[in-house]
Every structure is written in C-alpha cells, then in structure tokens.
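> Provided herewith is a single structure, encoded as structure tokens, for subsequent inquiry.
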Amino acid sequence: SILCSFVYFSSMDDDLPISQIIILLGFYLLGSFLNTYSEYQRKKWKQHPQSNGRCYTAGLFSLSRNINYCGDVVLFAAWAGATGYWINAWAPILMALTFWFHHIPDKEIYLAKRYGRDWDEYLEQTPYAFIPCVC
C-alpha cells in the first residue's frame, strides 16, 4: 500500500532541509485545497434547486474539469517528497496515470451522456481535463 511504502522508504536518519519542508508543506496545502474546496464549492451549488440536473462548471472546476483529481496528485506528491526517497514517487505518478487513462475518460463519457449540451459548453469553457493550463 501507499502508506507502507512511505513508511518503509522514509528517511528516518536524515532530516529534510527546512526549505524542502516548507515547499512540501505548500504543495500539501495546495493539493488539499484543490481537492477539498472544489468539492465543497460543488456541494454548496448542488444544494440550490436551480442546479438540479445541471453540470457544475464554476469555481475551481472552471480551471480544470477534474481539479479535485489534480489536487489528489499534488498532495500525494508532497507526502512522497516528505519521505525523502525518490522511490516513493511511484504513488503520485501511478495515481496521475490512473486518473488520466482510466478515471477521467470513463467519467467524461458518462458526464457527456448525462449533461448533453451543458457538457459540450463546459468542454469549450474549460479545455483542461486534469491539470490547469497543461492537459
């Protein structure tokens, strides 16, 4: 599991430089924010009756159609970096590849069927499926 790898391959003998800790903390907070706040925004929007049956396209989801997945990868990259061993990069890399090649395509096919014209407009408005300004 990811946790076992992070514990087993962690640098217990060496302290990470404070600059690296600060950078990793920043990435952890950014990833947590992207994941949690995007979902919170969508949840609040769905509570309004006028959003019933509509596709949420605002807030952080206006930057990427799967900004929450991007946040997951960023925060797990920070955890992997905090272990001090590059070998733990397998976790966020595998996570990103799984999102990109499996979860996102399947989910977007489903959403295209469910939301129709709303989804087509969202694709035009937000061209990035995963990482803002990249892909």
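> Tally time: how many residues in segment 101-113 are touching a residue at least 40 places away in the same chain (Cβ under 8 Å) and of a type outside the set (Asp, Glu)?
Going through segment 101-113 one residue at a time, the tally reaches 2.
> Is it the case that segment 85-94 has a residue that's within 20 Å of residue 126 (Cα to Cα) and either of a type in the set (Gly, Ala, Ser) or in contact with a helix residue (DSSP H, G or I) (Cβ under 6 Å, 6 or more places away or on another chain) (or both)?
No, segment 85-94 contains no residue that is within 20 Å of residue 126 (Cα to Cα) and either of a type in the set (Gly, Ala, Ser) or in contact with a helix residue (DSSP H, G or I) (Cβ under 6 Å, 6 or more places away or on another chain) (or both).
> Would you pick out the residues in segment 121-133 that are at pLDDT 95 or above and loosely packed, with under 13 Cβ neighbours inside 10 Å?
Hits for segment 121-133 are 124, 125, 127.
> On to the next question. Would you pick out the residues in segment 106-135 that are part of a loop (DSSP other than H, G, I, E, B), within 16 Å of residue 61 (Cα to Cα) and not β-branched (Val, Ile, Thr)?
Scanning segment 106-135 gives 127, 128, 129, 130, 132, 133, 135.
> Looking only at segment 108-117, count every residue that is open to solvent by less than 60 Å² (accessible area, probe 1.4 Å) and in contact with a helix residue (DSSP H, G or I) (Cβ under 9 Å, 6 or more places away or on another chain) and tell me the total.
4
> Cβ-Cβ under 9 Å, sequence separation 6+ or interchain: first residue in segment 39-52 and open to solvent by 70 Å² or more (accessible area, probe 1.4 Å), partner of a type in the set (Val, Ile, Thr). Which pairs?
Filtered contacts from segment 39-52: no entries.
> To continue, here is another question. Scanning segment 1-55 for residues that are in contact with a helix residue (DSSP H, G or I) (Cβ under 6 Å, 6 or more places away or on another chain) and among the aliphatic types (A, V, I, L, M), which turns out modelled with the lowest pLDDT?
Going through the qualifying residues, I end up with 2.
> Pull up segment 28-38, narrow it to residues that are farther than 17 Å from residue 111 by Cβ and not aromatic (Phe, Trp, Tyr), then point me to the one that is least open to solvent (accessible area, probe 1.4 Å).
31
> I would also like to ask the following. Out of 96, 89, 80, which single residue is open to solvent by less than 50 Å² (accessible area, probe 1.4 Å), touching a Pro at 6+ places or on another chain (Cβ under 8 Å) and part of a helix (DSSP H, G or I)?
The match here is 80.
> Next question. Hey, can you tell me all the residues within segment 53-84 that are of a type in the set (Phe, Trp, Tyr) and without any contact (Cβ under 8 Å) to a residue 40 or more places away in the chain?
Matches in segment 53-84: 56 only.
> Within segment 53-73, how many residues turn out to be aliphatic (A, V, I, L, M) and open to solvent by less than 30 Å² (accessible area, probe 1.4 Å)?
So the answer is 3.
The values are calculated or read from the model by the stated rules, or taken from the named source; none is laboratory data. All values derive from a computational prediction rather than experimental measurement. Cβ sites come from the backbone with ideal geometry, for glycine too, and all protein chains shown count toward neighbours. These area figures cover heavy atoms from the full protein model, side chains too; ligands, DNA and RNA do not enter into them. Shrake-Rupley method; radii C 1.70, N 1.55, O 1.52, S 1.80 Å.
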